Amino acid sequence: MDMPLRPIYLFADSQLLFWSHKGTPFLNTVRERIVPVAPRAAYIGASNGDEPQFYSIFEAAMDSIGIRDRRMIPSSFTPVDESFMNEADVIVLAGGDVGRGWRVFSETGLAALIVKRYYEGAILIGISAGAVQLGSFGLVQTDSRNQLIETFKLVPFMIGAHEEGQAWESLREAIELLNGSAAGIGLPTGGGLIYFPDGSIEAIRYPLSEFSIREGLISSSLRLPMQWGEGKYLE
C-alpha cells in the first residue's frame, strides 16, 4: 500500500544539510517523517558526474540524523542500484549541471523511478541543480543558447538557486521564455523551501524570492521564513 505523500525539500546548496538552531539539526524534520526504524537513503550524483567528494558530504549529513544504510546511485544505474532505490526512504538529488543530470535520469529510467518512489512515500531532497530538476522546467545551454527543458514538475514552479548576486537573471529569463505560464522561486545561498503535499510552501532560513508576470512585466516579492518551531515542518 502506498504511503502518504511526504514534503519535498529544495535547498540552494548543501548548507541546510548541516544547519542547526539552538542545537537542533534542521534535518531532524526529515528524520521525524520517516517510518522505518532503520531507514535507507539514496544519493543520485548524476548532475555532478558522480564525484565521490560530494557523496561524502551526503554521508556526513545522514550520519548526523542516524541514517547508516545509504548508497551512491551512479549514472551507470545497475539492477542492484534499482533494488536499493525501490527501498529508499530518502532520495537526494545532487547539485551540478541540470541538463547533464536530466539526461542520465531520462536515459536510465531513473526519472520514472524517482517519481514512483515519491508517490510511494519517499522523501525527496533536491540540492541546487537537484532542486531545479524537481521543479517544472530547467534552463540549460545548448549550441551557445539557452533553452528550457521540462523536468519533474513535482514542485509546480521554476526554481533558481544561489543566484541572488545576479538578481536572479537566469530565473527571470526562463519565466520570460515561458511567456508567464509558470511562476518562479529563487532559493538564496544557504536557504531553501519545503513544498507540502497540500501545495503550501515554507521558506527555510532565509527569504525566498518569488517571480511572476503581471501585465507583461515580471513582478517579484519575498516570502519570509517562519520562526523556528512555528511552521508545519516541525509538526
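Before moving on, here are some points about what is shown:
- Flag if Phe84 is open to solvent by 10 Å² or more (accessible area, probe 1.4 Å), under 19 Å from Leu113 (Cβ atoms) and aromatic (Phe, Trp, Tyr): yes
- Filtered residues of segment 196-235 (kept if open to solvent by 60 Å² or more (accessible area, probe 1.4 Å), hydroxyl-bearing (Ser, Thr, Tyr) and modelled with pLDDT of 95 or more): Tyr206
- Subset tally (residues that are more than 27 Å from Ser136 (Cα to Cα) and open to solvent by less than 40 Å² (accessible area, probe 1.4 Å)) for segment 17-33: 1
- Of the residues contained in segment 178-192, none is found to be in a helix (DSSP H, G or I), free of Cβ contacts under 8 Å to residues at least 40 places away in the same chain and out of contact with any Asp or Glu (no Cβ under 9 Å at 6 or more places or on another chain).
- Output for segment 170-195, where each listed residue is over 11 Å from Ala12 (Cβ atoms) and open to solvent by 20 Å² or more (accessible area, probe 1.4 Å): Ser170, Arg172, Glu173, Glu176, Leu177, Leu178, Asn179, Gly180, Ser181, Ala183, Tyr195
- Any hit, segment 44-56, residues being in contact with a Phe, Trp or Tyr (Cβ under 6 Å, 6 or more places away or on another chain) and farther than 28 Å from Glu202 by Cα: no
- Flag if Ser47 is within 25 Å of Ile159 (Cα to Cα), part of a helix (DSSP H, G or I), of a type in the set (Gly, Ala, Ser) and touching a helix residue (DSSP H, G or I) at 6+ places or on another chain (Cβ under 8 Å): yes
- Ala38 satisfies every condition listed in (1) outside any strand (DSSP E or B); (2) open to solvent by less than 50 Å² (accessible area, probe 1.4 Å) except (2).
- When every residue of segment 6-16 is checked against the conditions, none turns out to be farther than 21 Å from Leu193 by Cβ and open to solvent by 50 Å² or more (accessible area, probe 1.4 Å).
- Among the candidates Gly96, Gly138, the residue that is modelled with pLDDT of 95 or more and of a type in the set (Gly, Ala, Ser) is uniquely Gly96.
Yes/no per residue for (1) buried (at least 20 other Cβ atoms within 10 Å of the Cβ); (2) closer than 25 Å to Asn28 by Cα; (3) over 19 Å from the mean Cα position of the chain (by Cα):
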site	(1), (2), (3)
Asp50	no, no, no
Ser56	no, yes, no
Glu59	no, yes, no
Ile65	no, yes, no
Asp69	no, yes, yes
Phe77	no, no, yes
Leu93	yes, yes, no
Val98	yes, no, no
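- Segments classed as helices (runs of 4 or more DSSP H), wholly inside segment 83-153, with at least 3 members that are of a type in the set (D, E, K, R): 98-108
- Residue match in segment 161-169 (condition: surrounded by fewer than 15 Cβ atoms within 10 Å (Cβ to Cβ) and modelled with pLDDT of 95 or more): no
- When segment 141-152 is filtered for residues that are out of contact with any Phe, Trp or Tyr (no Cβ under 8 Å at 6 or more places or on another chain) and surrounded by fewer than 19 Cβ atoms within 10 Å (Cβ to Cβ), the ones remaining, listed by number, are Gln141, Thr142, Asp143, Ser144, Arg145, Asn146, Gln147.
- Within segment 140-164, if we keep just the residues that are in contact (Cβ under 8 Å) with a residue 60 or more places away in the chain and in contact with a helix residue (DSSP H, G or I) (Cβ under 6 Å, 6 or more places away or on another chain), the residue that is farthest from Ser212 (Cα to Cα) turns out to be Leu154.
The values are calculated or read from the model by the stated rules, or taken from the named source; none is laboratory data. This one's a predicted model, so the numbers in the text were calculated from it and none came from an experiment. Cβ atoms come from the backbone with ideal geometry, glycine included; neighbour counts cover every protein chain shown. Ligands, DNA and RNA are stripped out before the accessible areas are found, and what is left, the full protein with its side chains, is counted by its heavy atoms. Shrake-Rupley method; radii C 1.70, N 1.55, O 1.52, S 1.80 Å.
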